[in-house]
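Trainee: Structure below; questions to follow.
The values are calculated or read from the model by the stated rules, or taken from the named source; none is laboratory data. Here the structure is a predicted model, which is why all the values come from computation and not from measurement. Please note: Cβ atoms are built from the backbone with ideal geometry, for glycine as well, and neighbour counts cover all protein chains shown.
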């Protein structure tokens with residue numbers, strides 16, 4: 001995916017959405033192959049080779065790393081306190097990480113295979129939400145509002161997918177997780193409205 005921190009604020013939200021979707025396709029391709037090759041020492045290279053052989057348009061010629069965060073950069077430049085103080089992006093990271101911690105406790109003891117698979121998929125979605133929230137945390141206040149809108153719309157899509165997985169959870173825990181997901185979804189809708197107001201003021 002094109003790095004917004006190098007390319008400037010010239011795209012509208014729909015152009016950013018197109019870039020983000022490309023990255024999502026790459027993540028999907030990678031995760032589809034990962035279970036088969038996860039124990040190999042050079043799993044990333046093997047998966048990359050297989051995806052290229054299939055002719056996937058999501059896998060660029062110069063892309064060899066697993067698409068875990070969407071960029072080749074690391075996130076050492078995000079101060080630790082940004083994850084906990086009320087800065088844009090910290091809410092997504094905190095909510096997703098809390099759900100992931102809660103979920104791993106149930107996943108560790110779940111015996112029903114269908115429920116366990118749903119939990120595994122839910123954990124993958126939560127991991128993606130956490131990784132994507134770092135992209136917002138790296139921005140200065142008020143910077144790249146169109147990118148924020150596009151990314152928050154992608155958060156909404158991920159949360160809706162997460163809700164679908166939560167619906168398959170056992171009755172005893174389903175409502176507990178759904179409540180948090182619905183709250184998070186409402187927060188994202190309000191966030192988009194706020195971004196659009198900020199955009200109008202510019």
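Trainee: (1) under 21 Å from the mean Cα position of the chain (by Cα); (2) at pLDDT below 75; (3) in a loop (DSSP other than H, G, I, E, B): which one isn't true of residue 81, the others all being true?
Mentor: Among (1) under 21 Å from the mean Cα position of the chain (by Cα); (2) at pLDDT below 75; (3) in a loop (DSSP other than H, G, I, E, B), residue 81 violates only (3).
Trainee: Of everything in the stretch 10-38 that's in contact with a helix residue (DSSP H, G or I) (Cβ under 7 Å, 6 or more places away or on another chain) and not in a helix (DSSP H, G or I), which residue is modelled with the lowest pLDDT?
Mentor: Checked the stretch 10-38; the qualifying residue modelled with the lowest pLDDT is 11.
Trainee: A further question on this structure: I'm trying to understand the selection: among the residues of the stretch 162-184, which are part of a helix (DSSP H, G or I) and surrounded by fewer than 16 Cβ atoms within 10 Å (Cβ to Cβ)?
Mentor: Once the filter is applied, which keeps residues that are part of a helix (DSSP H, G or I) and surrounded by fewer than 16 Cβ atoms within 10 Å (Cβ to Cβ), the stretch 162-184 yields 164, 171, 172, 174, 175, 176, 178, 179, 182, 183.
Trainee: Okay, next question. More than 14 Å from the chain's Cα centre (by Cα) and modelled with pLDDT under 90: does that describe residue 168?
Mentor: Judged against the criteria, residue 168 is not a match.
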